[in-house]
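Notes to accompany the following structure.
The values are calculated or read from the model by the stated rules, or taken from the named source; none is laboratory data. These numbers come from a predicted model, not from an experiment. Neighbour counts are summed over all protein chains in view; Cβ atoms, including those assigned to glycine, are modelled from backbone coordinates with ideal geometry.
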Amino acid sequence: MGQTIVEKIISAHAAKNVHQGEIVIVAVDGAMASDTTAPLAITSFRAMGGKAVWDPDKCFLVIDHAAPAPNERISNLHVLMREFAAEQHCKLFEAGEGICHQLMIEKNIVRPGHIFIGADSHSCAYGAIDALGAGVGSTDLAAVWLTGKIWLKVPRTIKIELIGKIPMGIQGKDLILDVIGKTGIAGATYQAMEFCGPAVSALSLSGRISMANMMIEAGAKTGFVHPTGLKLPYTFTAELPDVEAKYHRTITIDAAAIQPMVSQPHSPDKVVAVDQVAGKKIHYAFIGTCVNGRLEDLQMAARILRDVKIHPHTRLIVGPASRQVFLDAVKDRTVEILLKAGATFIPPGCGPCVGTHSGVPGNDEVVISTANRNFKGRMGNPHAKIYLASPATVAASAREGKIANPLKYL
Amino acid sequence: MGRKQNIKITGKAHVYGDHIDTDAIIPGKYTKTLDLQTFADHVLEDLDPEFKDRVQPGDILVGGENFGCGSSREQAPLALKVAGVSAVIAKYFARIFFRNAVNIGLPVLEVSDFEIATGDELEVDLKAGAVENLTTGRRFSATKMPQVMIEILDEGGLVNYLKKYGDYRLQKDEG
């Protein structure tokens, strides 16, 4: 029987051929936890009787969700993480180095074919490079530290075929928002997604990461963008599905017809074309996060904001996804263009996306953000309204002070 | 976390709608602490600010579709558990929340169809996977959980399970 990508990768780790519906225990290739999830994981690990992690070279800790620490309570959690990393001899990425998912891919830690478990729901981002990334909570992660293994149910897969040519100015974010609008927030629950079709080969790595990252917003356990056309700084063998692989359902999307898309408050699946909400006054624009804080995203914003100022009643916060991204954007003067336009840069990290610090919106303020979630209260204030869009749309909106279609500037 | 689960749980129902996300269960701004009471103090704060004062030990939370969608934060089921919630019933759960709840020893039951109103007295039989609405006399059955989850829940959570067995074990019928 033919296999999907998720069935192939799990089979390779389970040392037998598996198919959807089976429950298996697999050895994993790596485990990551952030400052939201690591402290509880450390507590659980010790309570399990854990003394040493199964493989220090495969365990990664990242201080990114509230980094640098906004208060003493969180600073002390960071101290706990540093002490644990030192004691266990595992790698810790310090505050300011970047967002966990960006680092796992950028530093070539996650590789194609891996099963990589992250204590963060957006770990499905690793599907951008044909790895099985799955998000778990702290105690599951502690169990991986202890055993090097996890139990998984082999999910069925939704195939999403992208046909046609992606228009200029349309980013991976617009494509995934369109899909989430079609599937709904629970449309892929307990399932995997596979993006395939002729339009996939034109996608950049950055665009692929945006798409894989947000599969969880449709409920997906994991997912993949077919590696056709994928370029990585090392040689790799890509896992593709068998021709006769069995899919739960297939969705076909004409990429040529995709417009800039926007998610409306308070759910990522409340998706409309930007023109349907264009003109809505905004107070605050945010470009960054694990979805859209890469060089390509900042460059796109700079194209729209070159030699102009953002609208006077709007503020723009930019958070590069990593220190490397920040440095690259300094070198090619993207940072200069955005600063001159009126942007405020925050350190690489999750920043305002998780509502802890670095730009919490005020009551009744309208935010347009490149993040992945707009649940009520997500950015720290339940009385704010959050729209989600691509970096191009967020930059155009900052320029006009209202939600705007970016295509006229490109 | 905790002890062996009671087989039967009785409590009053608190009914909410579909797609209750983890930011609604515990906002991200309260998640960064090891003081578990903080989670309970802010449980469901943006959805129903009075819930934390109304909930009584043993009460049962009832949701609709896709309960617990969003973040991987284990603080969400912990907030409910520490606040006194003894079980969560929903039409179906978001995957990570479902795992997290079992891992911390909070019973979760997937019941595809039910008639339960806030204030109804419920009896949950974990072994039989059944929910009885004592107020109306109606009975509903839950989808069977994978054996590995039943065993984890049986031990009161994954910490106790691994402390006892040291590793995962699979039953033969699970392949």
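Of all residues in segment B:8-22, those that are more than 10 Å from chain A (Cβ to nearest Cβ) and within 18 Å of residue B:133 (Cα to Cα) have Cβ atoms under 6 Å from Cβ atoms of residues that are β-branched (Val, Ile, Thr) and assigned to a strand (DSSP E or B), 6 or more apart or on another chain, in B:9/B:124; B:11/B:60; B:13/B:60; B:13/B:62; B:15/B:62. Within segment A:337-357, can one find any residue that is free of Cβ contacts under 8 Å to residues at least 60 places away in the same chain, β-branched (Val, Ile, Thr) and over 24 Å from residue A:373 (Cβ atoms)? The answer is yes, given that some residue of segment A:337-357 is free of Cβ contacts under 8 Å to residues at least 60 places away in the same chain, β-branched (Val, Ile, Thr) and over 24 Å from residue A:373 (Cβ atoms). Here residue B:105 meets each of (1) part of a helix (DSSP H, G or I); (2) touching a helix residue (DSSP H, G or I) at 6+ places or on another chain (Cβ under 8 Å) with one exception, condition (1).
If you filter segment A:63-120 down to residues that are under 21 Å from residue A:225 (Cβ atoms), within 13 Å of another protein chain (Cβ to nearest Cβ) and among the hydrophobic types (A, V, I, L, M, F, W, C), you find that the one that is nearest to the chain's Cα centre (by Cα) is A:100.
Residues that are more than 9 Å from chain B (Cβ to nearest Cβ), buried (at least 18 other Cβ atoms within 10 Å of the Cβ) and under 25 Å from residue A:92 (Cα atoms) within segment A:13-41 comprise A:26, A:28, A:29, A:30, A:31, A:32, A:33, A:34, A:38, listed in sequence order. Taking the criterion of being closer than 22 Å to residue B:31 by Cα, under 26 Å from the mean Cα position of the chain (by Cα) and outside any loop (DSSP other than H, G, I, E, B), would at least one residue in segment A:45-58 satisfy it? No, segment A:45-58 has no match at all. Looking at the structure I just gave you, is residue A:390 under 15 Å from residue A:299 (Cβ atoms) and at pLDDT 95 or above? In short, yes. Quick check on segment A:285-292. Is at least one of its residues in contact (Cβ under 8 Å) with a residue 60 or more places away in the chain and either of a type in the set (Lys, Arg) or surrounded by fewer than 20 Cβ atoms within 10 Å (Cβ to Cβ) (or both)? The answer is no; no qualifying residue exists.
Pick from B:158, B:153, B:162, B:134: which is facing chain A (nearest Cβ under 8 Å), over 25 Å from residue B:45 (Cα atoms) and either within 11 Å of the chain's Cα centre (by Cα) or in contact (Cβ under 8 Å) with a residue 12 or more places away in the chain (or both)? Matching residue, one of B:158, B:153, B:162, B:134: B:158. Against the numbered list (1) surrounded by 24 or more Cβ atoms within 10 Å (Cβ to Cβ); (2) among the polar types (S, T, N, Q); (3) more than 14 Å from chain B (Cβ to nearest Cβ), residue A:123 comes up short only at (3).
Where helices (runs of 4 or more DSSP H) fall entirely within segment A:99-205, those with at least 3 residues that are hydroxyl-bearing (Ser, Thr, Tyr) and either without any contact (Cβ under 8 Å) to a residue 60 or more places away in the chain or not assigned by TED's automatic domain parsing to the domain that holds residue A:298 (or both) are at A:138-147.
Counted as qualifying within segment A:265-333 are the helices (runs of 4 or more DSSP H) with 2 or more residues that are in contact with a Cys (Cβ under 9 Å, 6 or more places away or on another chain) and closer than 19 Å to residue A:208 by Cα, namely A:289-292. Would you be able to say whether some residue in segment A:71-89 is touching a Phe, Trp or Tyr at 6+ places or on another chain (Cβ under 9 Å) and within 13 Å of residue B:32 (Cβ to Cβ)? Scanning segment A:71-89, I find no residue that is touching a Phe, Trp or Tyr at 6+ places or on another chain (Cβ under 9 Å) and within 13 Å of residue B:32 (Cβ to Cβ), so the answer is no. Residue count for segment A:330-354 satisfying the condition of being farther than 12 Å from residue A:289 by Cα and surrounded by 24 or more Cβ atoms within 10 Å (Cβ to Cβ): 2.
Within segment B:30-37, is even one residue within 8 Å of chain A (Cβ to nearest Cβ), of a type in the set (Val, Ile, Thr) and part of a loop (DSSP other than H, G, I, E, B)? Yes, there is a match, as at least one residue in segment B:30-37 is within 8 Å of chain A (Cβ to nearest Cβ), of a type in the set (Val, Ile, Thr) and part of a loop (DSSP other than H, G, I, E, B). Conditions first: (1) over 30 Å from residue A:38 (Cα atoms); (2) at pLDDT 95 or above. Residue B:128 passes all but one, so which condition is the exception? Of the numbered conditions (1) over 30 Å from residue A:38 (Cα atoms); (2) at pLDDT 95 or above, the odd one out for residue B:128 is (2). Entry remark, segment B:49-74: residues being crowded, with 24+ Cβ neighbours inside 10 Å, within 13 Å of chain A (Cβ to nearest Cβ) and either acidic (Asp, Glu) or within 12 Å of the chain's Cα centre (by Cα) (or both) number 3 in total. For segment A:374-398, taking the residues that are out of contact with any strand residue (DSSP E or B) (no Cβ under 9 Å at 6 or more places or on another chain) and not in a loop (DSSP other than H, G, I, E, B), the one that is farthest from the other protein chains (Cβ to nearest Cβ) is identified as A:396.
Could you tell me whether residue A:258 is touching a residue at least 12 places away in the same chain (Cβ under 8 Å), of a type in the set (A, V, I, L, M, F, W, C), closer than 17 Å to residue A:183 by Cα and surrounded by 21 or more Cβ atoms within 10 Å (Cβ to Cβ)? Yes. Can you tell me which of A:404, A:371 is hydrophobic (A, V, I, L, M, F, W, C), within 14 Å of chain B (Cβ to nearest Cβ), crowded, with 20+ Cβ neighbours inside 10 Å and not in a helix (DSSP H, G or I)? That would be A:371, the only listed residue that is hydrophobic (A, V, I, L, M, F, W, C), within 14 Å of chain B (Cβ to nearest Cβ), crowded, with 20+ Cβ neighbours inside 10 Å and not in a helix (DSSP H, G or I). Of the numbered criteria (1) within 25 Å of residue B:165 (Cβ to Cβ); (2) part of a helix (DSSP H, G or I); (3) among the aliphatic types (A, V, I, L, M), the one residue A:18 fails is (2). Does segment A:240-254 include one or more residues that are in a helix (DSSP H, G or I), modelled with pLDDT of 95 or more and on the phi < 0 side of the Ramachandran plot? No, the conditions are met nowhere in segment A:240-254. Checking the conditions here, which among B:113, B:46 is facing another protein chain (nearest Cβ under 10 Å), of a type in the set (Asp, Glu), surrounded by fewer than 22 Cβ atoms within 10 Å (Cβ to Cβ) and not in a helix (DSSP H, G or I)? None of the other options fit; the residue is B:46.
Among the candidates A:50, A:137, the residue that is out of contact with any Ser or Thr (no Cβ under 8 Å at 6 or more places or on another chain), within 13 Å of chain B (Cβ to nearest Cβ) and within 29 Å of residue A:9 (Cβ to Cβ) is uniquely A:50.
Checking A:175, A:132 one by one, the residue that is closer than 20 Å to residue A:22 by Cα and buried (at least 24 other Cβ atoms within 10 Å of the Cβ) is A:132 and no other.
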